[in-house]
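Novice: If you scroll down you'll find the structure; I have some questions about it.
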C-alpha cells in the first residue's frame, strides 16, 4: 500500500505554516525514519498522513486513494498511530488500553478474539506481566511499549510512530526498533518512525527523511543522508561519519557556536 | 514474527476473572439499592414495617383492594402514592446525574466535569425559572413538557460553548471547566435577576424548587424523566467503549477511527437532555454528578463499561441514603437531601481521596 505525499502544507493560522511543500513517496514493506531538529514539523507531517490534521494544501494518496475519500474508521484499519505521549487520562488497565486498538475491527462478540490478539502483542513486547496493571502506574518507557502494543493490535498495513523509543534504555530501544524492522521484513508492513537517535535510524531504517525548516532537506539511504555536511546544516553539529558493517555510524565531535 | 503461544487463553481467563469481580461488586450494589428502597419507604410519620413495604408493593401490583380509609388502605396509599414516587424519582435523579457526570468526564477528558461545572445545570435552571416566573417557553407546549424543553434548550447553550471552545487550539481540560464555570455564573446571575422581578410567593416556590428536593413529586411527574434517563443511560452504556477512547484524547481517538466531534456533540446533547429532564422536577442536586463517578473509579478502576452501570447503582444509593438521613433527622421534611448529601458526602469523599494510593488522574 504505497503512500504518495504531493506538495503538502499545514499550519494552524493563515500565515504560519508548520510544514511547507513536502513531497515523498513511501513504498510497501520499507522502514522509514524521519529525522530533524525539534520544531521542524516531523510530528505534524505524520499526523497529516492519517487525517489527525487536515491539510492546508497538497494531496496525500494512499493506495491511489485520496485521504479525503477515506473514512476515519477505514483509515484506522489501514494505519496504526503511536503517539509521542499518551497524555493524562483516567487510568485504565494495560489490557483495556491496548484493546482500544481493536476498535476499528471490533464487532459484537469479538472480545475473546480481540483479547487473544492483545495477548500475542503483549507477549511479543514482553509486557504480559503488566496486563492488569493500571496504565498510569507504569514508567514512561513502559507507557511507550503499551502505546506501541495499541498500534500493533490495530493490525495496520502502515505504522506511524512519533518517537516510540524516546524513553527507553539502549537495549529496549534496539529491541523495539528490531521488532518494527521485522514487521517490515516479515509482514510487509510499512513503518514510518520519527526518531532522534541517528545511529538507531541508520542501523534499522531503509530510508531516511531529514527535515529542516518545515521542508524535506535530504532523503535517501542512511549513507546518502547522514553526511557531516547535512548534519552541520540541519543540527548545527560537527560530526564524523564512519562505516560500520555497511551502515553509517555518527560520532558527534562538537556543536557549532551560534553567531 | 508473532509467535502463537501455547497459553493463548491465559489473558482471556485472567480478564474474565477480573471482569467477574467487578460485576459481583456492581451486583452487591444492586442488592443494597433494593434494601435502601425498602428502608426509604418505611421512614416517615406513619410507621410501616420494613418487610411490610415489600408486601404492600407486591399486593398493590397484584391488584389487592382494601376497605376505604382502613389501616391497610392508608398503608397502601402512603407507600404507593406518596413515598414510592419520591423513591423512584430519587433513583432516576441518581442514575441520570451520575451517569451524566461520568460520561461528561470522559467526553471532556476532565475529572472536574459534571452537569454543574459545565454550566449545563445553571442554564437549565434558568430555563425553568423563566418558564415558572415569566411564563416564557421556547415551544408552545404546556406543563412539564414545556418546562423540560426550556431546560434542555438553555442547557444546550453551555454545551455548545464548551464544544466550540474545545475546538480551539491549545485548550486544556482545565480551561474548558473554567469556561463552564464562567457560563454557570452568568446564568446564575440571570436567574437571580429574573427572581428579583417576581412576587414573593413565586420567589418562594421557585427557590424551594431550586434547592434540590424530592418532596412533592408524584407519579405523574415521573414518566418523562424516567423515559429520558433510562434511554440516555442505556445509550451511554452502549457507548462506554467509545467513551474510553474519547477519554484517551482527540489525537488517539481520531487515529483509532472515532469521529471525535460527532461523538462529543451526540454525548453532550444527550447528557444535557438527561440533566434538563431531572433538574426540571427536582431542582439542583449538586455533588452526586461530580463525586459518585470518582468513588466508582476508586472502587472499580476507570473503564466506562463498569463505571456507567456502577454509577447507575451508586448514584441512587447516595441520593436515597441522604433522603433517609434527612427524614430521620428532620421528620417534618424541611431538610433537603441536597444539603445532607454535601454535608456527609463531602468529608467522606475527601477521606477517600486522602486514603487513595492509586493515581486518580
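Each reported figure results from applying straightforward, stated rules to the coordinates on display, with no laboratory input. No experiment lies behind these values; they were computed from the predicted model shown. Here Cβ is always computed from backbone atoms with ideal geometry, including for glycine, and neighbour counts include all displayed protein chains.
Novice: In the protein assembly as shown, what percentage of the DSSP-assigned beta bridges are antiparallel, given to the nearest 5? Each step should come with its number before you reach the end.
Specialist: Working: 28 of 45 bridges.
The answer is about 60 percent antiparallel.
Novice: Tell me the label-point distance for the pair residue A:256, residue A:27, using the 7 Å Cα-to-Cβ offset, in nm and rounded to one decimal.
Specialist: The modelled label-to-label distance comes out at 3.3 nm.
Novice: In segment B:289-313, whose amide N lies under 17 Å from the spot 7 Å out along Cα-to-Cβ of residue B:24? List them in ranges.
Specialist: B:299-301
Novice: Also, quick follow-up: Using only alpha carbon pairs under 8 Å that are at least six residues apart, calculate the relative contact order of chain A and give it in whole percent.
Specialist: Details: 492 pairs, mean separation 60.6, N = 259.
Reported relative contact order: 23 percent.
Novice: Sticking with this structure for a sec: Give me the angle, in degrees from 0 to 90, between the Cα long axis of helix A:170-187 and the longest principal axis of the Cα atoms of chain A, rounded to the nearest 10.
Specialist: 80
Novice: When A:12, A:81 are ordered from fewest to most other Cβ atoms inside 10 Å of their Cβ, what list results?
Specialist: Numbers: A:12 12, A:81 27.
Listing A:12, A:81 from fewest to most nearby Cβ atoms yields A:12, A:81.
Novice: Taking the square root of 5 times each eigenvalue of the Cα gyration tensor, what semi-axes in Å does the equivalent ellipsoid of chain B have, largest first?
Specialist: Details: eigenvalues 246, 168, 63 Å².
Semi-axis lengths for chain B are 35, 29, 18 Å.
Novice: What ranking do B:264, A:171 get, fewest neighbouring Cβ atoms within 10 angstrom at the top?
Specialist: A:171, B:264
Novice: Comparing A:59, A:233, A:165, which has the greatest mean-square fluctuation in the GNM of chain A with Cα pairs linked when under 10 Å apart?
Specialist: A:233
Novice: Between residue A:186 and residue B:72, what is the spin-label point distance in nm, taking each point 7 Å from the Cα along the Cα→C-beta axis?
Specialist: 7.7
Novice: So between residue B:182 and residue B:230, what do we pick up on full extension, going 0.36 nm a residue minus the alpha carbon distance?
Specialist: Details: separation 48, 0.36 × 48 = 17.28 nm, distance 3.03 nm.
Result for the pair: 14.2 nm of gain on full extension.
Novice: Over the alpha carbons of segment A:3-220, what is the largest minus smallest coordinate on each principal axis, giving the biggest first in Å?
Specialist: 46, 40, 35
Novice: Divide by every residue of the protein assembly as shown the summed helix terms, -39500 (n - 2.57) for each DSSP H run of at least 4, and state the resulting mean residue ellipticity at 222 nm, rounded to the nearest 500 deg cm²/dmol. Please list the in-between numbers first.
Specialist: Details: 24 runs with 343 residues, N = 620.
Dividing the helical sum by the residues of the protein assembly as shown leaves -18000 deg cm²/dmol.
Novice: I've got another one for you. Which residue fluctuates the most in chain B, going by a Gaussian network model with Cα springs under 10 Å, if the choices are B:24, B:162, B:125?
Specialist: The residue that fluctuates most here is B:24.
Novice: Can you compute the modelled spin-label distance between residue B:354 and residue A:140, with each label point 7 Å from Cα toward Cβ, in nm?
Specialist: Taking the simple label geometry, residue B:354 and residue A:140 are separated by 3.3 nm.
Novice: Helix A:111-124 versus the longest principal axis of chain A: what angle, 0 to 90°, nearest 10, using Cα atoms?
Specialist: It works out to around 40 degrees.
Novice: Rounded to the nearest 0.05, what FRET efficiency do residue B:31 and residue A:243 give with R0 = 51 Å and r taken as the Cβ-Cβ distance? Could you check? Intermediate values should be presented prior to the final figure.
Specialist: Working: r = 73 Å, r/R0 = 1.42.
Using R0 = 51 Å, I get an efficiency of 0.10.
Novice: Okay, next question. Taking the Cβ-Cβ separation of residue B:16 and residue A:66 as r and a Förster radius of 56 Å, what is the calculated FRET efficiency to the nearest 0.05? Write down the numbers at each step before the final one.
Specialist: Details: r = 44 Å, r/R0 = 0.78.
Rounded to the nearest 0.05, the efficiency is 0.80.
Novice: Can you put B:319, B:25 in order of Cβ neighbours within 10 angstrom, beginning with the fewest?
Specialist: Working: B:319 33, B:25 15.
Ascending number of Cβ neighbours within 10 Å: B:25, B:319.
Novice: Which whole number gives the average count of other chain Cβ atoms within 10 Å of the Cβ atoms across peptide B:301-307? Show your work: numbers first, answer last.
Specialist: Values: counts 7, 9, 8, 3, 1, 0, 1.
Mean shielding count: 4.
Novice: A follow-up question, please. What is the mean number of Cβ atoms from other protein chains located within 10 Å of the Cβ atom of each residue in peptide B:17-23, rounded to a whole number? Can you show the working numbers first?
Specialist: On the way: counts 1, 5, 1, 0, 0, 0, 0.
Average per residue, whole number: 1.
Novice: With an 8 Å cut-off on Cα pairs and a minimum separation of 6 or more residues, tell me the relative contact order of segment B:14-355 in percent.
Specialist: On the way: 482 pairs, mean separation 99.1, N = 342.
Reported as a whole number, the value is 29 percent.
Novice: Does anyone have the angle between helix A:140-152 and the longest principal axis of chain A? Alpha-carbon axes, 0 to 90°, nearest 10?
Specialist: Roughly 70 degrees between the two axes.
Novice: Subtract the Cα-Cα distance of residue B:332 and residue B:46 from 0.36 nm times their separation in residues, and report this length gain in nm to one decimal.
Specialist: Between residue B:332 and residue B:46, full extension yields an extra 101.8 nm.
Novice: Something else now. For peptide A:69-76, how many partner chain Cβ atoms fall within 10 Å of a residue's Cβ, on average? Walk me through the numbers before you get to the answer.
Specialist: Numbers: counts 0, 0, 2, 9, 4, 1, 4, 6.
Mean partner shielding for this stretch: 3.
Novice: Contour minus end-to-end for residue B:175 and residue B:201, with contour as 0.36 nm per residue of separation and end-to-end as the Cα-Cα distance? Display every interim value, and only then the final one.
Specialist: Values: separation 26, 0.36 × 26 = 9.36 nm, distance 3.95 nm.
Answer, rounded to one decimal: 5.4 nm.
Novice: Report the residue, chosen from A:148, A:130, A:55, that carries the largest GNM mean-square fluctuation when chain A is represented by alpha-carbon nodes joined by springs under 10 Å.
Specialist: Residue with maximal mean-square fluctuation among A:148, A:130, A:55: A:130.
Novice: Also, quick follow-up: First check a/c for segment B:74-158, with a ≥ b ≥ c the square roots of the eigenvalues of its C-alpha gyration tensor; if it is under 1.5, answer rounded, and if not, answer prolate when a/b is larger than b/c or oblate otherwise. Could the numbers behind the result be given before it?
Specialist: On the way: a/c = 3.16, a/b = 1.21, b/c = 2.61.
Because a/c hits 1.5 or more and a/b fails to exceed b/c, segment B:74-158 counts as oblate.
Novice: May I ask you to derive the FRET efficiency for residue A:129 and residue A:196 from their Cβ-Cβ distance with R0 = 41 Å, giving the value to the nearest 0.05? Don't jump to the answer; show the numbers that get you there.
Specialist: Working: r = 29 Å, r/R0 = 0.70.
Rounded to the nearest 0.05, the efficiency is 0.90.
Novice: Something else now. For a test of the definition: using alpha carbon positions, the gyration tensor, and the 1.5 limit on a/c, classify the protein assembly as shown as rounded, prolate or oblate. Let's see the in-between values first.
Specialist: Numbers: a/c = 2.91, a/b = 2.06, b/c = 1.41.
Note, shape of the protein assembly as shown comes out prolate.
Novice: I've got another one for you. Just the C-alpha atoms of segment B:108-234: what Rg/Rh do they give, with Rh taken as the Kirkwood radius? Show your work: numbers first, answer last.
Specialist: Working: Rg = 15.8 Å, Rh = 15.8 Å.
Ratio of gyration radius to Kirkwood radius for segment B:108-234: 1.00.
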